[in-house]
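Working notes, structure below.
The values are calculated or read from the model by the stated rules, or taken from the named source; none is laboratory data. Computed from a prediction, not measured in an experiment: that's the story for all the values here. Backbone-built Cβ (ideal geometry, glycine too); neighbour counts: all protein chains shown. Just so you know, the surface numbers come from the protein's heavy atoms only, side chains and all, with ligands and any DNA or RNA stripped out. Shrake-Rupley method; radii C 1.70, N 1.55, O 1.52, S 1.80 Å.
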Amino acid sequence: MASILEFQKLDAELIKLQREISNNPDKKNVQNMKSYVLECGQKGASLDREAKSLIQELEKLNEVQAKGIALVDKYQGQDIEKLSQAELIDLQSKMKQALKHLNELDNRLKAQSEKIKNVLKEYDNNKKSANVARQKHADSKKAFDEYFKEKEPKLNELKQKMLKMQSELNSTELAKYKSLRQDNVFPVYVPLVNGSRCGGCRMELPSNAIEKINKLGKLECEQCKRIIYIPEK
């Protein structure tokens, strides 16, 4: 029993150290900045596609505007002295309609240009944010690497001690221990408390279970599956 409890003690130290490393703020920041840079990349690609689409639309509007201006120039180039009254009225109507369309096009072109301006500005801001995040990622990674370098010897020491102890433990006990650990049960071995309760889930044990523990020295808890043992006095 002493050996498996010592093994569990080392495991507890390892879990504590691994949790401390996992919760290191620099490590979390490395992960957060990596995700943020990825999001910025996806957003940048989306903005780039949007800008290209807007520019294509702008070019089409410019083409339509050029044709409209050419049409107005054509109307204006006609010799009105040679036109009949009906033809003159028709020309004036066409001119009015063409100018109206050109005015609408001008408004659309301005709106489209403003959209492009805003998208490009957002693209630029997104690029700057990504660069800042990359720098923060690099700084945090450097800080975490230095931190981990300090913790790594202790981490490896605990792992090596546990590995060495495994060969000395009862194979059945070790298999049971590992099985419960895989199910995120920890601690695996818990003391009998107050003479009648499981030291893990605190369930009150029936008298026959207490008799078995006193006889065998340990017993699996029916409630939490931990191994209950009688602590040495």
>> With the requirement that a residue be surrounded by 12 or more Cβ atoms within 10 Å (Cβ to Cβ) and either farther than 30 Å from residue 176 by Cβ or under 18 Å from the mean Cα position of the chain (by Cα) (or both), what does the range 1-24 give you?
In response: 24
>> Just the residues that are within 28 Å of residue 26 (Cα to Cα) and either among the acidic types (Asp, Glu) or surrounded by 15 or more Cβ atoms within 10 Å (Cβ to Cβ) (or both), please, taken from the range 157-170.
In response: 157, 158
> Which of the residues spanning the range 39-49 are more than 9 Å from the chain's Cα centre (by Cα) and open to solvent by 50 Å² or more (accessible area, probe 1.4 Å)?
Replying inline: 42, 43, 46, 48, 49
> If you scan the range 213-233, which residues turn out to be under 43 Å from the mean Cα position of the chain (by Cα) and of a type in the set (Asp, Glu)?
Replying inline: 220, 222
>> over 53 Å from the mean Cα position of the chain (by Cα) and either under 21 Å from residue 50 (Cα atoms) or in contact (Cβ under 8 Å) with a residue 12 or more places away in the chain (or both): is that true of residue 99 in this structure?
In response: yes
> Any idea how many residues of the range 1-55 are in a helix (DSSP H, G or I), within 17 Å of residue 137 (Cα to Cα) and polar (S, T, N, Q)?
Replying inline: 5
> Quick one: how many residues across the range 133-147 are in contact (Cβ under 8 Å) with a residue 12 or more places away in the chain and open to solvent by less than 60 Å² (accessible area, probe 1.4 Å)?
Replying inline: 6
>> So if I check each of 115, 154, 110, 127, which one is over 38 Å from the mean Cα position of the chain (by Cα) and open to solvent by 80 Å² or more (accessible area, probe 1.4 Å)?
In response: 110
>> Return the residues of the range 203-233 that are assigned to a loop (DSSP other than H, G, I, E, B) and under 18 Å from residue 181 (Cα atoms); say none if nothing qualifies.
In response: 221, 222, 223, 224, 225, 226
>> Let me confirm something: among 94, 82, which residue is surrounded by 12 or more Cβ atoms within 10 Å (Cβ to Cβ) and of a type in the set (Lys, Arg)?
In response: 94
> Looking at (1) under 25 Å from residue 129 (Cα atoms); (2) touching a helix residue (DSSP H, G or I) at 6+ places or on another chain (Cβ under 7 Å); (3) not aliphatic (A, V, I, L, M), can you tell me which one residue 57 breaks?
Replying inline: (1)
> Is there any pair with a first residue in the range 6-18 that is more than 18 Å from residue 149 (Cα to Cα) and a second that is modelled with pLDDT of 95 or more and of a type in the set (Val, Ile, Thr) whose Cβ atoms are under 9 Å apart and which are 6 or more apart or on different chains, and what are they?
Replying inline: 8/188; 11/188
>> On the basis of being open to solvent by 90 Å² or more (accessible area, probe 1.4 Å), under 18 Å from residue 5 (Cβ atoms) and not hydrophobic (A, V, I, L, M, F, W, C), does residue 220 make the cut?
In response: no
